[in-house]
Amino acid sequence: MGAFAGIARIRRDLDGLAREGLLRARRTLDSPQGPSVLESGATLANFASNDYLGLANDPRVIEAARDALGRYGFGAGASPLVVGHTRSHAEAERAFAAFTGLPRALLFASGYAANLGILAALADRESAVFADRLDHACLVDGALLSRAGFHRYPHGDLAVLERQLAASTARTRLIATDAVFSMDGDVAPLPELLALAERFDAWLVVDDAHGIGVLGRGRGSLAHFGIASERIVYMATLGKALGGYGAFVAGAPEVIEWLMQRARPYVFSTALPPAAAAAATAALAIVAAEPERVERLLGHVATFREGLAKAGIAGSSPTAIQPVIVGDASRAVALSAGLRERGHLVPAIRPPTVPAGTSRLRVSLSSEHSPAQVACLVRDLAETLAA
Ligand SMILES: *Cc1c(COP(=O)(O)O)cnc(C)c1O
């Protein structure tokens, strides 16, 4: 036992988390992602992953990565502006711009890094950032990092946002929103947000981590709504439906050039491994060529929602993310454990990921689940919740 008070304080705080049912533990998988995974010797139906289209283990994605490994080796070796930018990265950026119909794209090391970079490069002390209360943590962190005035509006409450914008005298205004909210699966009213951005001369930063590959026949939330504007800065991650790692930011050529010059996580961080860029290009080609994957996923979403409604369970969303809100953190953990005993991997999501009192089971659906897997989950969810 050391005498350092810092360690003792952390031990007390960890004990506190444990008492409140907030201590997290990792599962260690012994298989790739897929509709089923192997954990601690058990094969479980996987309703926990963001691999919505089954691309994380697609042979063509793997082959593209393998080919890039042969050509470029593994590590990028430097930040993109020094010598870490390869043909593989350039091709991925071009492919993403073409896929979304946006003028230019830039490949970041992760969605988290991209949002930090966007917010801190576009906003400063003279700016104001307006963010939905349920926005992802990295949009919040980006706003804080930018040192801009920071205003949060209640989830989806455009009337409050409008008042906040009208009251702002900031030189630069920036609205930041998840397109699909990561813990609820609901879709932001992007056309209305764009109209407000136009009226109040603001940027609109759209985080489409859970919309890319799912909405707009896979092409994302902007395609879903049919909107475009040079004031939209569009961010889509590779770690969810696209089955890989990294993120794209796309938008007006000037914005992308500015981010390349000034987004600190872009400038001061090692470029993504070229194989990850090649995997992204391959994943985009698959989404474009196989719209039936998205259709299968949306079919499962419909089946799941009908099943929940029949069982009288509240919740459900139009996307791959299906929240079943239970409130108490310990109850969410117990329900998740009950479902695991029945062979389903369904995570309990607790604070700080969601607001206190809204702990939930979060079901993530994939195009690669079988109809039987989805039906079985609905039945077991209903029984577990009723028990
Ligand atoms: C996962 C996620 C991110 C972070 O993306 P990574 O590439 O995993 O860093 C950002 N925003 C939202 C809404 C997310 O769900």
Charge context of Asp135, other residues only, Cβ under 11 angstrom, K/R +1, D/E -1:
-2
In nm, to one decimal, how far is the Thr43 label point from the Thr270 one, both placed 7 Å along Cα→Cβ?
3.7 nm
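In the chain, which helices (entire DSSP H runs) extend 18 Å or more along their own long axis, judged by Cα positions, while averaging at least 0.5 on the Kyte-Doolittle scale?
274-289, 371-386
For an R0 of 25 angstrom, estimate the FRET efficiency from the Cβ-Cβ distance between Ala195 and Glu254 and round to the nearest 0.05.
0.65
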Between Thr28 and Arg379, what's the calculated FRET efficiency when r is the beta-carbon distance and R0 is 30 Å? Round to 0.05.
0.60
From the helices alone, meaning DSSP H stretches of at least four residues, give me the mean residue ellipticity at 222 nm for the chain, per-run term -39500 (n - 2.57), in deg cm²/dmol to the nearest 500.
-13500 deg cm²/dmol
What is the local net charge at Ser367, summed over the other residues whose Cβ is closer than 10 Å to its Cβ (Lys, Arg +1; Asp, Glu -1)?
-3
Surrounding charge for Ala241, neighbours by C-beta under 13 angstrom, Lys/Arg +1, Asp/Glu -1, total 0
With the Cα gyration tensor of region 1-126 giving a ≥ b ≥ c as the square roots of its eigenvalues, does the rule (a/c under 1.5 for rounded; else a/b larger than b/c for prolate; else oblate) give rounded, prolate or oblate?
oblate
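Can you tell me how much longer the chain between Arg19 and Arg147 gets when fully stretched, taken as 0.36 nm per residue apart minus their C-alpha distance, in nm with one decimal?
That works out to 42.6 nm of additional length.
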In whole percent, how big is the carbon plus sulfur part of the accessible area of region 78-189, probe 1.4 Å, protein atoms only?
52 percent
Extension gain Ala334-Val83, at 0.36 nm per residue separation less the Cα-Cα distance, in nm?
85.4 nm
Using a ≥ b ≥ c from the Cα gyration tensor of region 270-337 (square roots of the eigenvalues), is it rounded, prolate or oblate, where a/c under 1.5 gives rounded and otherwise the larger of a/b and b/c decides, a/b for prolate?
oblate
Under a plain spin-label model, where a point goes 7 Å from the Cα along Cα-to-Cβ, how far apart in nm are Leu69 and Asp157?
5.1 nm
Assuming R0 = 41 Å, what is the FRET efficiency of Glu341 and Glu230, from their Cβ-Cβ distance, to the nearest 0.05?
0.20
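After finding the eigenvalues of the alpha carbon gyration tensor for region 74-185, what semi-axes result from the square roots of 5 times each, listed largest first in whole Å?
Values: eigenvalues 184, 53, 34 Å².
Whole-Å semi-axes of the equivalent ellipsoid: 30, 16, 13.
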Kirkwood Rh over Cα pairs of region 59-289 into Stokes-Einstein at 4 °C, 1.567 mPa s: D in µm²/s?
74 µm²/s
On average, how much accessible surface per residue is there in the chain, in Å², for a 1.4 Å probe, leaving out ligands, DNA and RNA?
44 Å²
In nm, spacing of pseudo-spin labels at Ala137 and Arg305 (7 Å Cα→C-beta vector)
2.9 nm
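The values are calculated or read from the model by the stated rules, or taken from the named source; none is laboratory data. Quantities reported herein were computed from a predicted structural model and do not represent experimental measurements. As a convention, Cβ positions derive from the backbone with ideal geometry for all residues, glycine included, and neighbour counts pool all protein chains shown. Side chains included, ligands, DNA and RNA excluded: accessible areas come from the protein's heavy atoms. Shrake-Rupley method; radii C 1.70, N 1.55, O 1.52, S 1.80 Å.
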